[in-house]
1. Most exposed first by the Cβ proxy, i.e. fewest other Cβ within 10 Å, how do THR545, THR296 rank?
2. For a quick check: with amide H placed at 1.01 Å from N, whose amide H comes under 5 Å from GLY570's, ignoring anything fewer than 5 positions away on the same chain?
3. How large is the direction-averaged shadow of the alpha-carbon convex hull of the chain, in nm²?
4. Suppose we keep just the DSSP beta bridges with both residues in the stretch 188-308; what percent of those would be antiparallel, to 5?
5. Ordered by residue, what ³J(HN,Hα) values in Hz, to whole numbers, does the stretch 485-490 give under the Karplus form 6.51 cos²θ - 1.76 cosθ + 1.60, where θ = phi - 60° and Gly and Pro are x?
6. Would you work out which of LEU45, TYR575, GLN552 lies farthest towards the positive end of the dipole of the chain? Charges go on Cβ: Lys and Arg +1, Asp and Glu -1.
7. In a Debye calculation with equal point scatterers on the alpha-carbon sites of the stretch 303-379 and no solvent, what is log10 I(q)/I(0) at q = 0.15, 0.22, 0.23 Å⁻¹?
8. Give the order of SER295, SER316, SER334 when sorted by the count of other beta carbons within 10 angstrom, beginning with the fewest.
Amino acid sequence: MARQIGKNSISSLSAVTMTSTQPQKLKGRMFSVQAALPKFPVAPLKQTLDKYLQTLRPLVSDQEFEQAKKLCEDFKNGVGPELQAKLIERAGKHTNWLSDWWRNIAYLDVREPCVINSNPGVLFPRGNFNDLEGQLNYASRLIAGLLDYKVMIDEQTLPVEHLGKSPLCMMQYYQVLSACRIPRVNKDEWVCFPPDRPNPPRHITVVYNNNFFEVPVYGSDNKPLNTSQLKGQLEHVVKQGSKQGPPLGLFTLEYRNNWANAYQNMCKDETNRRSLESIQRSIVVLCLDQPNPSSTDLRTGSGQQMLHGAGSGGHSGNRWFDKTIQFVVGQDGSCGLNYEHTTAEGPPIVQLMDHCLDYINKGSDWPAADQVTTPKMLQFNLSSDVENSLNLAKENADKLVSDLDLKVFTFEDFGKDFPKSQKVSPDSFIQNAIQLAYYRHHKRPVGTYESGSIRMFQLGRTETIRSCSSESVAFTRAMLDPAVSDGRKAELLRRAIDSHKQYTNDAISGKGIDRHFLGLALTAQEHNIELPKLFKNRNFIFSKTWRISTSQVPAKSESVMFFGPVVPDGYGFCYNPQEKCILFGVSSFKSNDKTLPAAEMSELVANSLRDMKKVLSSSVKSSL
Ligand code: COA
């Protein structure tokens, strides 16, 4: 998802306290090409400035554009080359010049709640059960699937992922199980306990009725527990956790400094400290939820359960949103996950999820492990200070949650098959549908973010694909003009798609602009050089105010990811394009009177997809 990098976030660059996670031996199949992956380049200055002007053109007036050109010239002839030289110097000293900076700026420095603003939720296909027994069966199969997958991570045997023909960096896979974020004042900490370190984690955290349990998932022979043993562990949890605990999970929906202060207070008590460490060190968190209240839109209700837990009256106290992976299994068949974004992007999480979901449907199991240790309920002693902070956390969590409007839906008219039949990129087709949907209501183009993977570089994360272009605006305007023929609309649509695909190819191959600009701004800050005028310019900032924040997260299963908008008057769009349908998660904020409710924006997206199919199909017919 998009990171809205603001002024405030370019503020502190001090070192992150974290466990280094570079595996000591990168020798397995999973890392067979790791060392040969290229380093993330520093793009030529002129290329970035030219491309910036190209993306700014549809967003500003002629006069503003002339002003922007002048600022770019001044930058190129002024401090730009010095910053560029210093950035190139940094790139020579780091495996990836961006990765540490990015971890801080995009995640650990941010003081807003992680929930909604950063952590995505994922809704799985509904499970076929409706009671506690079914819930425990499903959850134990899910964890067995996870342990099955973990063997491939531990032994570094996962196949290297590819984007097209390019192999991708696999480091995120290595870190997703057993990483955690820790609240600290002004900058959080990130810890990871990877499998190649001594004493790797051998337990998961299970949360039930707000009670936290350390649940061993390996036997004394170091073999993973099988499904029936895991189910036995969960039955222990349910028996011991029948009385509701304090909703400590609400802390993890808090503003980070509030949570950091409460955390410091909690850690004064040795028992609390040990319990918190147990959660941080666990492989994943598994939340076993009580049934949901009945809802007219079951999928959207379950989506909220995954994204934020539906507040203090729902399941938010039964969560630990600081943990990298948190599975959620309800009693009514609703299941999914939530993930903390510092460690990884969606694709590695979704690969793991698809493996677990496949595993659930398989009948197979493995032999029982030896001597299972019984789950232990984690104890917490809450001082009156901590109780007070928890009351505030409850208030803030309820405000946060009640402001988000979410719609989860499947567009069933067609999937990737239609754009492919038209010989155009499905992703670029969908991005232009989002542009059209937005334009139909708001009647103006805005800065649009799509995540593009730069994992073809060592330790690469994402680059911004700026999906709004002069071509997309020409297309959206034509679609609203009854005087324009379908043939002309189709031509403009194809141009808009080609332009988006070109930007995508550039962004994923290190020729994007947003990470480069960020690197130049951070270089200025690190060397006490005044932030160049270009970066302070209103139009520059406008061009990267992501009122449309989007991401494609494809999965084999009919699962869908979603996240909140990154600015108050924005929307979040996430989609999983399948061959015959497209799953969407769309969000907006209820408190914003400029944006539409998520359900209405979803309707506009669906109608735009249909209209685009119509113009492309009719243009093919007329050219026959
Ligand atoms: N004609 C026919 N078929 C085409 C085509 C064309 N002109 N262009 C593309 N296709 C096909 C592709 O071959 C592919 O086929 P497949 O379904 O058999 O795999 C399919 O259409 C999808 O291609 P496309 O829609 O172009 O998207 P992509 O797979 O190249 O993905 C991005 C584009 C931007 C999503 C991808 O590059 C990326 O960066 N993904 C990671 C995003 C991320 O990190 N998100 C998470 C953030 S939390």
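Read-outs throughout are calculated quantities, based only on the coordinates presented, and are distinct from any laboratory measurement. Note that this is a predicted model, so its numbers are computed, not measured. Here the Cβ is made from the backbone with ideal geometry for all residues, glycine too, and neighbour counts use every protein chain on show.
1. Details: THR545 16, THR296 6.
Listed from fewest to most nearby Cβ atoms, that is THR296, THR545.
2. Here the answer is PHE589, since their amide H atoms fall under 5 Å of that of GLY570.
3. Values: hull surface 112.0 nm².
About 28.0 nm², averaged over all directions.
4. Working: 7 of 11 bridges.
Antiparallel: roughly 65 percent of the beta bridges in the stretch 188-308.
5. Couplings: 6, 4, x, 5, 4, 5 Hz.
6. LEU45
7. Taking Cα atoms of the stretch 303-379 as identical point scatterers yields -0.74, -1.15, -1.17.
8. Working: SER295 13, SER316 27, SER334 24.
So the residues, fewest neighbours to most, are SER295, SER334, SER316.
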